[in-house]
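Colleague: Handing you a structure now.
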Amino acid sequence: MQEPGRRHVFAGIDSRTDTALPAWYADRVDDTDEVMTFSEAIRDLPRATTTEVAYRNPVSDEWVETERFNAVAEPSRLRQQATGGGGKNVADGSGSESVDPLFHVPSDSYTILNPVEVYAPLERVLREQTVDGRRLAEVAFGEIRQYRGGGEVHMDVLFDGLEVTLSDRRDPITMGVTSGYDFFGGHAVYVEGFARDTACANSIRSLTNKEVVRHVGGVEAFDDWWEEILGQLDLVADDLAGFIDAAQGVTLEFTDLPFDVVGFYDLLDFPQYLAEQAASDVRANAVNPFEIDMWTLHSGATYALTHHFRGKEGTSLDGYQRVANDVLFNPEATIDRVQQAYEQQTEEVEQEGLTSGRGQARIEQVGDDLRDAVEQFESREEALRERFTQVSN
C-alpha cells in the first residue's frame, strides 16, 4: 500500500486510560512512530475552513468575487502563508517546505466535517460501551494515516479482547472499524467493520456495508451514529467466526483444476504481483498444498492486499477487498466468476480443441461439487447481509 505522508499510532482514548499496545501489534510498529492517545491523534490532524473565492476576468484583468464556491483550506497553513513563514511541513512532520493550504474549491453547499467534530463523539461512546467488563476506551488501539498533506485520512480502530477465536489455533482475530474522510470531495466520512488477524497482521476490510455521511447539507450528531455501529460489532464477530468455520470445510482440489493457485487469483483479476504474493502465502500455510480450503485462499488474498498492495487506499483497494471477501463469504459466486473468466480466457486462445474442452469440463465439475458443499452458506450469507443492513440503517 502507498506509504502515508504521516502516521499516528494510538493506544487508549485519552490520558485517563491506562492502555498499552497489544504485543502482537507493538511488534509491527515502526520504532520511529510515536504512540499517543486517540484524543491526541485526532486533535493533531489538519483541519479545514472555508474562505471566499474569486476568479480573474481575462478581459479586464480584474479579480471577481463569487458566492457560488468556497475555498476549503487548512487554517494554520493560511496563517503561515500570510506571515511568509516556511518551517515545518504540517502534513508529514518532515521539516521540509510548507504545504499549500488549499484543499479543494467545492460549491457553497459543501459542509466541512473536521476530525474533532466526527471523532470526539466516538470518544464519548467508547467511554460508555464495554467488552468483557472493560470500557472500549481502555482497549482501543490502532493507527491513523494521512495522505495528500493531511487532506485525506484513513484509520483503523481496534479493540483488544473483542475478537474471533479459531478452534485450530491460538492467535485470535481482533475486531474493530476502519474510518476516514477527505477534504477534496472524493471521500465522504465513512466507517465500516474491520478486523486484524493477529497471527499474520492481515487486514480483513469491508466486513459491513460502508456507512457514509457526505459533506453536503446539515449533519446530525454523530453520537447515535457511532453507538449503533459499535453495538453491532460483537454480532458481526459471531457471524465472522461462523463463516470461517464453514469455509475451512470447503476445499478446492487444485490437482483437478486446469490452473494453479496463482492462476486462481489471476482469474479473479488480481494483478500478477498480487496473485503471486497471495499464492505464496497460501502455499506456506495450507495443510495440503493441493487441497486448499476457502479460508486459506481468503487469507492469502488479504495477506497480499495488506502487505504488498502498491496502490492507494480507497476505491481500488476496496474493489480487490470485495473480491477477497467473496472467497470467504460467497465461495459459489467466486467459483462461478473463476469459471467464466477461464472460459473467456480459453476462447481467446488460438488452439482450443481438446485441451481447452478438458479444462472447462474439469472446472465445471469442481463448480458442481462445490455447489453441493456450500448450501449452508446461503442462509449464513443472508443472515449476515441482514446484519450489515442493520449496521447501515
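Colleague: Could you please give the count of residues in segment 94-120 that are open to solvent by 20 Å² or more (accessible area, probe 1.4 Å) and either modelled with pLDDT under 85 or assigned to a loop (DSSP other than H, G, I, E, B) (or both)?
Modeller: Selection size over segment 94-120: 15.
Colleague: When you scan segment 57-75, do you find a residue that is under 30 Å from ARG205 (Cα atoms), part of a loop (DSSP other than H, G, I, E, B) and at pLDDT below 90, even just one?
Modeller: Within segment 57-75, not a single residue is under 30 Å from ARG205 (Cα atoms), part of a loop (DSSP other than H, G, I, E, B) and at pLDDT below 90.
Colleague: A further question follows. Among the residues of segment 10-18, are any among the aliphatic types (A, V, I, L, M) and assigned to a loop (DSSP other than H, G, I, E, B)?
Modeller: yes
Colleague: Out of ALA188, ALA301, report the one residue that is closer than 26 Å to VAL116 by Cβ and in contact with an Asp or Glu (Cβ under 9 Å, 6 or more places away or on another chain). Write out each step before concluding.
Modeller: Details: ALA301 fails: closer than 26 Å to VAL116 by Cβ.
Going through ALA188, ALA301 in turn, the sole match is ALA188.
Colleague: Across segment 247-256, which residue is farthest from ALA120 (Cα to Cα) among those that are open to solvent by 10 Å² or more (accessible area, probe 1.4 Å) and in contact with a helix residue (DSSP H, G or I) (Cβ under 7 Å, 6 or more places away or on another chain)? Step through it out loud before you land on a result.
Modeller: Pass one, segment 247-256, residues open to solvent by 10 Å² or more (accessible area, probe 1.4 Å): 248-249, 251, 253-256.
Filter once more, so that each one left must be in contact with a helix residue (DSSP H, G or I) (Cβ under 7 Å, 6 or more places away or on another chain): 248, 254, 256.
Values: GLN248: 40, PHE254: 50, ASP256: 54 Å.
Checked segment 247-256; the qualifying residue farthest from ALA120 (Cα to Cα) is ASP256.
Colleague: Oh, and also: Quick check on this structure: which one of ALA373, ALA284, ALA304 is modelled with pLDDT under 90 and under 20 Å from ILE244 (Cα atoms)? Walk me through how you get there before you give the answer.
Modeller: On the way: ALA284 fails: modelled with pLDDT under 90; ALA304 fails: modelled with pLDDT under 90.
Only one candidate passes the filter, namely ALA373.
Colleague: If I filter segment 208-226 down to residues being of a type outside the set (Lys, Arg), crowded, with 16+ Cβ neighbours inside 10 Å and at pLDDT below 90, which single residue comes out as farthest from the chain's Cα centre (by Cα)? It would help to see each step written out before you state the result.
Modeller: The first filter runs over segment 208-226 and keeps only residues of a type outside the set (Lys, Arg), leaving 208-209, 211-213, 215-226.
Checking the rest, the ones that are also crowded, with 16+ Cβ neighbours inside 10 Å come to 208-209, 211, 213, 215, 219, 222, 225-226.
Then keep just the ones that are at pLDDT below 90; that gives 208-209, 211, 213, 215, 219, 222, 225.
Details: THR208: 11, ASN209: 12, GLU211: 13, VAL213: 17, HIS215: 20, VAL219: 24, PHE222: 21, TRP225: 19 Å.
So, considering only residues that are of a type outside the set (Lys, Arg), crowded, with 16+ Cβ neighbours inside 10 Å and at pLDDT below 90, the one farthest from the chain's Cα centre (by Cα) is VAL219.
Colleague: Let me ask you something else. Mind checking which residues of segment 19-37 are outside any loop (DSSP other than H, G, I, E, B) and either over 20 Å from ALA201 (Cβ atoms) or touching a Lys or Arg at 6+ places or on another chain (Cβ under 7 Å) (or both)?
Modeller: Initial filter on segment 19-37 (outside any loop (DSSP other than H, G, I, E, B)): 23-26, 35-36.
Within segment 19-37, MET36 is the sole residue that qualifies.
Colleague: In segment 257-275, what residues are touching a Lys or Arg at 6+ places or on another chain (Cβ under 8 Å), part of a helix (DSSP H, G or I) and surrounded by fewer than 20 Cβ atoms within 10 Å (Cβ to Cβ)?
Modeller: Across segment 257-275, the qualifying residue is only TYR273.
Colleague: Can you find a residue in segment 19-41 that is modelled with pLDDT of 90 or more, open to solvent by less than 20 Å² (accessible area, probe 1.4 Å) and within 30 Å of GLN277 (Cα to Cα)?
Modeller: Yes, segment 19-41 has at least one match.
Colleague: Look at segment 42-79 and say how many of its residues are within 34 Å of the chain's Cα centre (by Cα) and either closer than 21 Å to GLY185 by Cα or open to solvent by less than 90 Å² (accessible area, probe 1.4 Å) (or both).
Modeller: 19
Colleague: What about GLN232, is it polar (S, T, N, Q) and open to solvent by 40 Å² or more (accessible area, probe 1.4 Å)? First the steps, then the outcome.
Modeller: Working: polar (S, T, N, Q): yes; open to solvent by 40 Å² or more (accessible area, probe 1.4 Å): no.
So GLN232 fails the test.
Colleague: Hey, can you tell me all the residues within segment 276-308 that are open to solvent by less than 10 Å² (accessible area, probe 1.4 Å) and without any contact (Cβ under 8 Å) to a residue 24 or more places away in the chain? Full working, then the answer.
Modeller: Within segment 276-308, the first condition is being open to solvent by less than 10 Å² (accessible area, probe 1.4 Å), and the residues that meet it are 278-279, 282, 292, 294, 297-298, 300-302, 304-305.
Matches in segment 276-308: ALA279, VAL282.
Colleague: Select from segment 3-18 the residues that are open to solvent by less than 70 Å² (accessible area, probe 1.4 Å) and among the acidic types (Asp, Glu) and list them in ascending order.
Modeller: ASP14 - this is the single residue of segment 3-18 that is open to solvent by less than 70 Å² (accessible area, probe 1.4 Å) and among the acidic types (Asp, Glu).
Colleague: For residues that are touching a residue at least 40 places away in the same chain (Cβ under 8 Å) and in a helix (DSSP H, G or I), tally how many sit in segment 309-321. Let's see the steps before the verdict.
Modeller: At the first step, the residues of segment 309-321 found to be touching a residue at least 40 places away in the same chain (Cβ under 8 Å) are 309-314, 317-318, 320-321.
Adding the requirement that they be in a helix (DSSP H, G or I) leaves 317-318, 320-321.
Qualifying residue count for the region: 4.
Colleague: Could you figure out which of (1) in contact with a helix residue (DSSP H, G or I) (Cβ under 8 Å, 6 or more places away or on another chain); (2) modelled with pLDDT under 90 isn't true of LYS312?
Modeller: (1)
Colleague: Out of all the residues in segment 322-343, is one or more more than 30 Å from ASP245 (Cβ to Cβ), in a loop (DSSP other than H, G, I, E, B) and open to solvent by 10 Å² or more (accessible area, probe 1.4 Å)?
Modeller: There is no residue in segment 322-343 that is more than 30 Å from ASP245 (Cβ to Cβ), in a loop (DSSP other than H, G, I, E, B) and open to solvent by 10 Å² or more (accessible area, probe 1.4 Å).
Colleague: Also, quick follow-up: Being among the hydrophobic types (A, V, I, L, M, F, W, C) and either closer than 15 Å to ALA201 by Cα or in contact (Cβ under 8 Å) with a residue 40 or more places away in the chain (or both) is the filter here, so list the residues in segment 259-275 that pass it. Lay out the reasoning, then the answer.
Modeller: At the first step, the residues of segment 259-275 found to be among the hydrophobic types (A, V, I, L, M, F, W, C) are 259, 261-262, 264, 267-268, 270, 274-275.
Passing the criteria: PHE259, PHE264, LEU267, LEU268, PHE270, LEU274.
Colleague: Just to be sure before I move on: is ALA237 over 30 Å from ALA188 (Cβ atoms) and either in a helix (DSSP H, G or I) or touching a helix residue (DSSP H, G or I) at 6+ places or on another chain (Cβ under 7 Å) (or both) in the structure I sent? It would help to see each step written out before you state the result.
Modeller: Numbers: over 30 Å from ALA188 (Cβ atoms): no; either in a helix (DSSP H, G or I) or touching a helix residue (DSSP H, G or I) at 6+ places or on another chain (Cβ under 7 Å) (or both): yes.
No; evaluated as a whole, the condition is false for this residue.
The values are calculated or read from the model by the stated rules, or taken from the named source; none is laboratory data. Quick caveat: nothing in here was measured; it's all calculated off a predicted structure. Note that each Cβ is placed from the backbone with ideal geometry, even for glycine, and that neighbours are counted across all protein chains shown. Side chains are part of the model used for accessible areas, which takes the heavy atoms of the whole protein and leaves out ligands, DNA and RNA. Shrake-Rupley method; radii C 1.70, N 1.55, O 1.52, S 1.80 Å.
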